[in-house]
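Beneath this line is the structure, given in C-alpha cells, with notes to follow.
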Number of protein chains: 4
Amino acid sequence: MKLKIGVMGHAGSDLPEKGAKLAFELGKAIAEQDAVLITGGCPGYPFEAAKGAASQGGLVIGISPGLSLWEHVNKYHSPTEHHDVLIFTGSGLMGREVVNIRSSDMVVIVGGKSGTLGEFAIAYDEGKLIGILMGTGGITTEIKHLVRVIQKDTGAKLIYDRDPRRLIRRLWQYYHREHYKHPSCFLNDRLSPKNHRGGPESITE
Amino acid sequence: MKLKIGVMGHAGSDLPEKGAKLAFELGKAIAEQDAVLITGGCPGYPFEAAKGAASQGGLVIGISPGLSLWEHVNKYHSPTEHHDVLIFTGSGLMGREVVNIRSSDMVVIVGGKSGTLGEFAIAYDEGKLIGILMGTGGITTEIKHLVRVIQKDTGAKLIYDRDPRRLIRRLWQYYHREHYKHPSCFLNDRLSPKNHRGGPESITE
Amino acid sequence: MKLKIGVMGHAGSDLPEKGAKLAFELGKAIAEQDAVLITGGCPGYPFEAAKGAASQGGLVIGISPGLSLWEHVNKYHSPTEHHDVLIFTGSGLMGREVVNIRSSDMVVIVGGKSGTLGEFAIAYDEGKLIGILMGTGGITTEIKHLVRVIQKDTGAKLIYDRDPRRLIRRLWQYYHREHYKHPSCFLNDRLSPKNHRGGPESITE
Amino acid sequence: MKLKIGVMGHAGSDLPEKGAKLAFELGKAIAEQDAVLITGGCPGYPFEAAKGAASQGGLVIGISPGLSLWEHVNKYHSPTEHHDVLIFTGSGLMGREVVNIRSSDMVVIVGGKSGTLGEFAIAYDEGKLIGILMGTGGITTEIKHLVRVIQKDTGAKLIYDRDPRRLIRRLWQYYHREHYKHPSCFLNDRLSPKNHRGGPESITE
C-alpha cells in the first residue's frame with residue numbers, strides 16, 4: 001500500500017495567500033511522492049493541499065465529521081471537490097481527527113488554531129512522525145516550546161521545514177529509515193513506554 | 001465523486017467455492033461500474049470482492065477495526081493486499097461497520113452470520129439502499145422474512161439478485177433514479193419518519 | 001463495581017401497554033438486583049425500563065447518539081428524565097449502541113425492530129450474555145430461529161423468559177457462575193475462537 | 001440531572017505529592033457540590049480525583065479507552081477502583097477523551113503533558129467551560145499563552161484558580177449564570193460562529 005500523509009491545519013476561509021500557496025505546494029509534493037493525502041474533509045489549509053494533490057492526480061481521502069454527505073455539506077459547511085472518497089465517521093470535528101491521525105502514516109501541521117493544536121497533541125501523544133510546515137503561523141510557532149514543556153517521550157518524531165517539498169522528502173526518508181519500525185503507540189498488545197523506544201525524541205532540523 | 005459500494009458478508013476463511021467466485025465477480029462488477037469498493041478490511045467474502053475490484057484496477061478502501069496496522073494484522077488477523085487505503089477506526093469489529101455503512105452509498109450483503117446480520121440491520125435501520133446477493137447462503141435467506149417481521153419503513157430499499165453484475169447494475173440504476181434523493185436517515189437536522197418518505201419500502205425482485 | 005445490564009428494544013412511542021409494563025418491571029428488577037441500568041437514552045421500552053429502575057432508586061446511565069444535550073433532545077427527540085447520567089458519543093443511533101453493548105455485562109432484548117435486531121446481532125457477535133424478554137413481540141420471536149441459521153459459536157449465551165424478574169435472576173446467576181469467565185470476545189490480545197470456548201453456545205430455557 | 005464535571009490531567013504514576021493532594025481535594029469538592037465526576041478511567045491525577053469524590057460518596061464515571069474490562073486492565077493498565085461505572089468506548093486513549101469532554105458540562109485541567117494538551121485543545125475548540133487548577137505544573141502553565149496565540153473565539157471560557165474548592169465553586173456559578181446558555185459548539189443544526197456568541201472569550205482570574 002501507498003504511504004498515507006495527513007495534512008492538518010486551519011480550516012477557516014480566511015487564509016493568508018502565502019500560507020494557502022504553501023499548503024497547495026504541500027499537496028502537490030505529496031502526490032508527486034506517490035503518497036495518499038488524508039484530510040479532515042474540511043475547508044482551509046487541508047483543502048488547499050487537496051487541490052494541490054488533485055492537480056497532480058493524487059488520491060485524496062477526506063475523513064468527515066458528518067454522519068452523511070448531507071451533514072458534511074450542511075452542518076459542517078465542508079467541501080466535496082478534490083476528494084476521491086469521503087468517509088463519514090459522524091464523530092464531530094475532533095472525533096474524526098483521531099481516526100484521521102491513526103490512519104495517516106505521518107502528519108503535517110500547517111498553521112492552525114485550537115483544533116490544530118488538538119491534532120498536534122493527539123499525533124504527538126500517539127507517537128507519530130510529524131512534519132511542521134514553518135512559515136504558516138498559528139500554533140506552528142509554539143510547537144518547539146510545547147515539546148520542551150511536555151517532557152514526555154512518546155516515540156513521536158518532529159521535523160520542521162519551511163519548504164513543503166523538502167519537508168515531504170525528509171519525512172519520507174525518515175519514515176523509511178526509522179519510523180516505520182514504530183509508527184505509533186499502538187504497536188503491540190501492551191501499551192508501554194518500551195514499545196516506542198529508540199532514544200529520546202530528537203528534533204531534526 | 002465516484003459512488004461508493006460497501007460489500008459485507010462472512011469474514012471467515014472457510015468460504016464455499018461458489019460463494020467466493022460470486023463475491024469476486026461482485027468486486028469486478030463494482031470496479032467496472034467505476035465505483036469505489038468499501039470493505040471492512042477483513043478476510044472472507046469482502047476480501048474476495050476486493051480481489052475482484054483490484055483485478056480491474058478499481059479503488060478499494062478498507063475500514064479497519066484496528067487502532068493501527070499492527071492491530072489490523074496481529075489482533076484482527078486481517079489482510080492488507082488488494083486494498084488501496086486502510087482507515088483505522090480502532091472501534092472494533094462492529095464499531096467500524098457503522099462507519100463502513102455510513103460511508104457507502106449502497107451496501108451489498110453476501111452470505112454471512114451474526115456480524116453480517118448486524119450490518120444488514122444497521123443498513124436497514126439507517127435507510128440505505130441494500131443489495132442481497134442471493135445464492136450465497138447464510139443470513140441472505142432470512143432477509144425477506146425479517147423485513148416482514150420488522151414492519152418499519154426506514155427508507156431502506158432492498159434489491160435481491162443472484163447475478164452479481166446484474167445486481168450492481170440494478171442498484172446503480174435505482175440509486176440514480178430514486179435513492180440519491182434520500183440516501184440515508186441522516187438527511188436533515190431532525191431525524192423523523194418524514195425525512196425518508198416516498199411510499200412504503202418496496203422490495204424489488 | 002456493580003453489574004451493568006443494558007436494555008435494548010423498540011424506541012418508538014407506540015408501545016403496547018403490556019410490553020410497556022413488562023419493560024417497567026424489568027427496570028425495577030434490575031435496580032432491585034443492585035445492578036446499573038444502561039440504556040441508549042432513548043424513548044420506548046428502554047425508557048420504560050429507566051422509569052422502573054428509577055422508581056427503585058437504581059442508577060440509570062444513557063448512552064446518547066447525540067454530540068450534546070441539544071442534539072439529544074432536538075435531533076434525536078430523546079428524553080432526559082429518569083437517567084442519572086447521559087454520555088454523549090455523537091456516533092448516531094447505531095454507533096452508540098456498540099458502546100452501549102460493550103459497556104453492559106449483559107443485555108436484555110425487549111420487543112424491537114431493525115435497530116434492536118442490529119443490537120441483538122452485535123451482542124451475539126461479541127459473545128455477550130443475552131436475555132430475551134419473551135412476550136414483547138417484534139424480533140424477539142425470531143431470535144431462536146436466527147441463532148440456528150447463524151451457526152456460529154461466538155461465546156454468546158441466550159436466556160429466554162417471559163417473566164422480567166425471573167429473567168434478571170437467571171441472567172445474574174448464569175453470569176456469576178459461568179459467563180464472567182468470558183464476558184465478551186475482547187478477552188485477550190488475539191481475537192480468536194479459542195478465546196470464548198466452553199462448548200457450543202447452548203440455549204437455556 | 002446532576003452537573004457532570006470532567007477531570008483531565010497527567011495519567012502517569014509519578015505524581016508529585018502536592019499535585020496528588022490538590023487532585024484529591026478537587027474530587028472531594030466535586031462530590032460536595034453534588035456533581036458527577038467524569039474521568040478517562042485512568043491512573044494519575046484523574047484517579048486521585050476519583051478517590052476524593054468517592055470518599056464523599058460522589059458518583060464517578062470512567063470513560064475507558066478499552067473495548068472491554070480486560071483491555072481496560074491489561075492493555076491500558078487502568079484502575080477499576082473508586083469508579084461506579086466504566087463505559088467501554090474501545091476508541092483508544094485520545095478517542096475516548098472526545099466522548100469524555102462532550103459528556104462533561106465543564107472540564108478541569110490538572111497538570112498534564114501531551115494527552116492533556118490534546119484534551120485542553122478539544123475542550124477549547126468545542127466551546128467548553130474549562131477550569132485550570134493552577135499549581136499543578138505541566139501544560140497548565142502554558143494555557144494563558146496558548147489562548148493568546150490561538151486567537152479564536154470558540155465560546156470556550158477559562159477560569160484559573162489554585163484552590164480546588166474555590167475553582168469548582170467559581171465554575172459552578174459561572175455555568176449557572178452564563179455558560180449553560182451555550183455549553184458547547186454542538187448547540188444547533190448548523191455549526192457556526194454565531195452559535196456561541198456572547199462577546200470575546202474572556203479570561204476570569
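The values are calculated or read from the model by the stated rules, or taken from the named source; none is laboratory data. Keep in mind it's a predicted model, so treat the numbers as computed, not measured. Backbone-built Cβ (ideal geometry, glycine too); neighbour counts: all protein chains shown. The protein model used for the area step is the full one, side chains on, heavy atoms only, and it has no ligands, DNA or RNA in it. Shrake-Rupley method; radii C 1.70, N 1.55, O 1.52, S 1.80 Å.
In Å, what Kirkwood hydrodynamic radius results for chain C from the alpha-carbon pair distances?
Value: 16.6 Å, from the Cα pair sum.
Per residue of D:79-88, how many C-beta atoms from partner chains lie within 10 Å of its own C-beta, taken as a mean?
Other-chain Cβ atoms within 10 Å of each residue's Cβ, averaged: 5.
In nm, one decimal, shortest first: how far is the label point of B:PRO16 (7 Å from Cα along Cα to beta carbon) from the matching points in the other copies?
Result for B:PRO16, in nm, nearest copy first: 3.6, 6.5, 6.8.
For peptide D:135-143, how many partner chain Cβ atoms fall within 10 Å of a residue's Cβ, on average?
2
What is the sum of charges, Lys and Arg at +1 and Asp and Glu at -1, for the other residues whose Cβ falls under 15 Å from the Cβ of A:SER104? Let's see the in-between values first.
Numbers: positive: A:LYS2, A:LYS4, A:ARG96, A:ARG102, A:LYS128, A:LYS157; negative: A:GLU97, A:ASP105, A:GLU119, A:ASP125, A:GLU126, B:ASP84.
Here the count lands on 0.
On C-alpha positions alone, give me the angle between the axis of helix C:114-125 and the longest principal axis of chain C, in degrees, nearest 10.
Rounded to the nearest ten degrees, it is 40.
Measure off, as a whole percent, the carbon and sulfur share of the 1.4 Å-probe accessible area of chain B, all protein chains present.
C and S fraction of accessible area: 51 percent.
Helix C:17-32 against the longest principal axis of chain C: what's the angle in degrees, Cα atoms only, rounded to the nearest 10?
Tilt of helix C:17-32: around 70 degrees.
Counting only protein chains, not ligands or nucleic acids, how are A:ASP14, B:ASP161, B:ASP84 ordered by accessible area (probe 1.4 Å), most first?
So, going from the largest accessible area down, we get A:ASP14, B:ASP84, B:ASP161.
Give the interface area between chains D and A as buried accessible surface, both sides summed, probe 1.4 Å, in Å² to the nearest 100.
2900 Å²
Between 0 and 90 degrees, rounded to the nearest ten: what's the tilt of helix C:164-177 against the longest Cα principal axis of chain C?
That helix lies at roughly 40 degrees to the long axis.
Within the set of other residues whose C-beta is less than 15 Å from the C-beta of B:GLY52, count the net charge using Lys and Arg as +1 and Asp and Glu as -1.
Details: positive: B:LYS18, B:LYS21, B:LYS28, B:LYS51, B:ARG165; negative: B:GLU17, B:GLU25, B:GLU32, B:ASP34, B:GLU48, B:GLU81, B:ASP84, B:ASP163.
Neighbour charge sum, excluding B:GLY52 itself: -3.
Out of residues 5 or more away from D:MET106 or on other chains, whose amide H comes under 5 Å of its own, with H placed 1.01 Å from N in the peptide plane?
Under 5 Å from the amide H of D:MET106 lie the amide H atoms of D:LYS4, D:GLY6, each far enough along the sequence or on another chain.
For the stretch D:64-128, compute Rh as the Kirkwood radius over C-alpha pairs and then the Stokes-Einstein diffusion coefficient at 20 °C and 1.002 mPa s; write the answer in µm²/s, rounded to an integer.
Calculated translational D: 171 µm²/s.
State in Å² the accessible area per residue of the stretch A:52-117; use a 1.4 Å probe, count heavy atoms of protein chains only, and round to the nearest integer. Numbers along the way, then the final one.
Working: 1310 Å² over 66 residues.
Value for the stretch A:52-117: 20 Å² per residue.
From the Cα gyration tensor of the protein assembly as shown, with a ≥ b ≥ c the square roots of its eigenvalues, which class applies: rounded if a/c is under 1.5, or else prolate if a/b is larger than b/c, or else oblate?
Details: a/c = 1.60, a/b = 1.11, b/c = 1.44.
Since a/c reaches 1.5 but b/c is at least a/b, the shape of the protein assembly as shown is classed as oblate.
If you build the convex hull over the alpha carbons only and average its shadow over all orientations, what do you get for the stretch A:114-183? Give it in nm² to one decimal.
Numbers: hull surface 18.0 nm².
Projected over every direction and averaged, the Cα hull of the stretch A:114-183 covers 4.5 nm².
Given a 1.4 Å probe, show me the residues in the stretch A:111-127 buried by at least 30 Å² of accessible surface when comparing the whole protein assembly to the chain alone.
A:LYS113, A:SER114, A:LEU117, A:ALA121, A:ILE122, A:ASP125
Which is farthest toward the positive dipole end of chain A among A:ALA49, A:VAL99, A:ILE159, measuring Cα position about the Cα centre, with Cβ charges +1 (Lys, Arg) and -1 (Asp, Glu)?
Farthest towards the positive pole: A:ILE159.
What three numbers, in Å, describe the spread of the alpha carbons of the stretch A:56-165 along their principal axes, ordered from the longest?
Extents along the principal axes, in whole Å: 42, 30, 23.
Size of the dipole of the stretch D:1-160 about the Cα centre, Lys and Arg at +1 and Asp and Glu at -1 on the beta carbon, nothing else charged, in debye to 20?
That gives the stretch D:1-160 a dipole magnitude of about 260 debye.
Per residue of C:99-107, what is the mean number of Cβ atoms on other protein chains within 10 angstrom of that residue's Cβ?
Working: counts 11, 2, 3, 14, 10, 2, 1, 0, 0.
Per residue, the number of nearby Cβ atoms from other chains is 5 on average.
Just to confirm a number: summing +1 for Lys and Arg and -1 for Asp and Glu over residues other than D:GLY6 whose beta-carbon lies under 13 angstrom from that of D:GLY6, what do you get? Don't skip to the answer; put the middle values down first.
Working: positive: D:LYS4, D:ARG96, D:ARG102, D:LYS128; negative: D:GLU97, D:ASP105, D:GLU119, D:GLU126.
Charge balance in the 13 Å sphere: 0.
For B:GLN173, which inter-copy label distances result when the label point lies 7 Å beyond Cα on the Cα-to-Cβ vector, reported in nm to one decimal and in ascending order?
Computed spacing set for this position: 5.7, 5.9, 7.2 nm.
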